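Peer 1: Below are the structure tokens for one structure; questions will follow.
Every number in this text was worked out from the coordinates using simple rules, so none of it is lab data. Just so it is clear, the model here is predicted, and its values are computed rather than measured. Here Cβ is always computed from backbone atoms with ideal geometry, including for glycine, and neighbour counts include all displayed protein chains.
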Amino acid sequence: MELPLILGRRPNIELGVASQTEIYTIADLEPGRPFTEVIPSWNIKHSSRSQFIIELRGKRFGIPTAWYQMADWTLDASTNPRTSLNGQKDADATVSTDTVIFHQPMDSVDLRITSKIADGERPILDLVSVSFSGTILDEPASVTKSAAWGKVIPMAKRYQNRYPDGHRLCSPTSTSMLLREAAKRTGQAVDRDVPAVVPGLYDAGYDGAGNWSFNAAFYGQFDGLTGYVSRFGKIADLELFIERGIPLAVSVDLNRLRGTPKPVDSGHLVVLVGFQKNGDPVFLDPAVSNEVQTTYLRANFDSAWKRSGRAVYVFAPSKTQFPPSSGRWLE
């Protein structure tokens, strides 16, 4: 059965010249087996006012689909739009904010970036990645104890409901906590509190700050940091990161996480910081008041995480030594 995979390239492309429109295509990102969903990520350095159109198409037996626009993207949305484009649907695919859902298995994708560079900027396309997924498997019934059990990474906490419209800010609050951790580890001035994060990743089309790709682009704008979205296969993948002291943000259904599933999912982001000695995961849950740090039952977490296809924000300093990859993250 299939498990999620991710492919990435560090093209190190200088994106165009001031005031001119140029098009760059990264062709034939191919995971080696069929897939039905893709999530793109991009890290563009040294850009604030420049504008980028991010498009993606699938290929099946060499025959391409139409191009689907994933983003009209900029860091400074006061001068240019930053928006996804929901409502794109044809015989081949449906676009759901940050994810293309193909109606039949594809073999590869092409990514196209159209750039219009603002005067005085020389942006660099530092990273492009695509997360591919097909079947999402259940967590194994028998769980093996790992070195991550009993380990909790100490991190600064932020509570989303301290801020205006806080009930909608789980994703930028998680990104903000990971930026603060990056600042601690690197000494760089990258710490941003939640009100400073939201304007840089707000998606006008989605009408919120929960676009996974936009969160990755915001984090990955900083020199020395890398951010992308992936999908992992099981909790044991996360344990490998905790063993090495690397926190990760994960997308879950909040009601299932709390053990109270409802007919309609409640999408939520939490930061995994460790595991109890019995294997239950420990999170910084930005929706929990006071301490923020809380533990949920392992079975509840697996059920809640599966609802997002086991989506993960892999946000860390670029020099971080990741675990050996099983194809679900970049080394």
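Peer 1: By how many degrees, 0 to 90 and rounded to 10, does the Cα axis of helix 170-186 deviate from the longest principal axis of the chain?
Peer 2: 90 degrees
Peer 1: Also, quick follow-up: Using Cβ contacts closer than 10 Å as the measure, can you line up W329, W149 from fewest to most?
Peer 2: W149, W329
Peer 1: For segment 141-146, what does the Karplus curve 6.51 cos²θ - 1.76 cosθ + 1.60, with θ = phi - 60°, yield as ³J(HN,Hα) per residue in whole Hz, taken in order and with x for Gly and Pro?
Peer 2: Once rounded to whole Hz, the list reads 5, 9, 9, 9, 4, 10.
Peer 1: Out of all Cα-Cα pairs in segment 107-241, roughly what percent, to the nearest whole number, are more than 25 Å apart?
Peer 2: Values: 3806 of 9045 pairs.
For segment 107-241, the fraction of Cα-Cα distances above 25 Å is 42 percent.
Peer 1: Name the long-range amide H neighbours of G134: under 5 Å, sequence gap of 5 or more, or other chain; modelled H, no Pro or chain starts.
Peer 2: T36
Peer 1: Can you tell me the dipole magnitude for segment 201-260 around its Cα centre, using point charges on the Cβ only (Lys, Arg +1; Asp, Glu -1), in Debye to the nearest 20?
Peer 2: Around 220 debye, computed over segment 201-260.
Peer 1: Now, a different point. Under a point-charge model restricted to the Cβ atoms of Lys and Arg (+1) and Asp and Glu (-1), what is the dipole moment magnitude of the chain relative to its Cα centre, in debye to the nearest 20?
Peer 2: Details: 36 positive and 36 negative charges, 159 e Å.
That gives the chain a dipole magnitude of about 760 debye.
Peer 1: Would you mind giving the average projected area, over all directions, of the Cα convex hull of segment 71-174 in nm² with one decimal? Write out the running numbers ahead of the final one.
Peer 2: Details: hull surface 50.3 nm².
That works out to 12.6 nm².
Peer 1: Starting from the amide H of L248, placed 1.01 Å from N in the peptide plane, find each other amide H under 5 Å away whose residue is 5 or more places distant or on another chain.
Peer 2: L272
Peer 1: Using only Cα atoms, locate the centre of segment 291-330 and the centre of segment 148-205, then give the distance between them in Å, rounded to an integer.
Peer 2: The two parts, judged by their Cα centres, are 16 Å apart.
Peer 1: Rounded, prolate or oblate: which one fits segment 160-317, using the alpha carbon gyration tensor with axes a ≥ b ≥ c (rounded when a/c is under 1.5, else prolate when a/b beats b/c, else oblate)?
Peer 2: Oblate, because a/c is 1.5 or more while a/b does not exceed b/c.
Peer 1: Over segment 1-124, what is the relative contact order in whole percent, taking alpha-carbon pairs under 8 Å and six or more residues apart?
Peer 2: That works out to 41 percent.
Peer 1: At q = 0.08 Å⁻¹, what log₁₀ I(q)/I(0) does the chain have when each alpha carbon counts as one equal point scatterer in the Debye sum?
Peer 2: Treating every Cα as an identical point scatterer, log10 I(q)/I(0) equals -0.34.
Peer 1: Per residue of the chain, what 222 nm ellipticity follows from adding -39500 (n - 2.57) for every DSSP H run with n ≥ 4, rounded to the nearest 500?
Peer 2: It lands at -4500 deg cm²/dmol.
Peer 1: Below 8 Å between Cα atoms, with a sequence gap of 6+, how large is the relative contact order for the chain in percent?
Peer 2: Reported relative contact order: 22 percent.
Peer 1: Which one of S19, S176, V152 has its Cα pushed farthest toward the positive end of the charge dipole of the chain, where Lys and Arg give +1 and Asp and Glu give -1 at the Cβ?
Peer 2: V152
Peer 1: Next question, about the same structure. Sort out for me the Cα centre separation of segment 107-146 from segment 8-71, rounded to whole Å.
Peer 2: 10 Å
Peer 1: Still on this model: Mind scanning K157/K277; K45/K319; K157/K234 and naming the pairs with a C-alpha gap bigger than 18 Å?
Peer 2: Those over the limit are K157/K277; K157/K234.
Peer 1: Report ³J(HN,Hα) in whole Hz for each residue of segment 255-261, in order, from the Karplus equation J = 6.51 cos²θ - 1.76 cosθ + 1.60 where θ = phi - 60°; Gly and Pro get x.
Peer 2: 5, 5, 4, 8, x, 10, x
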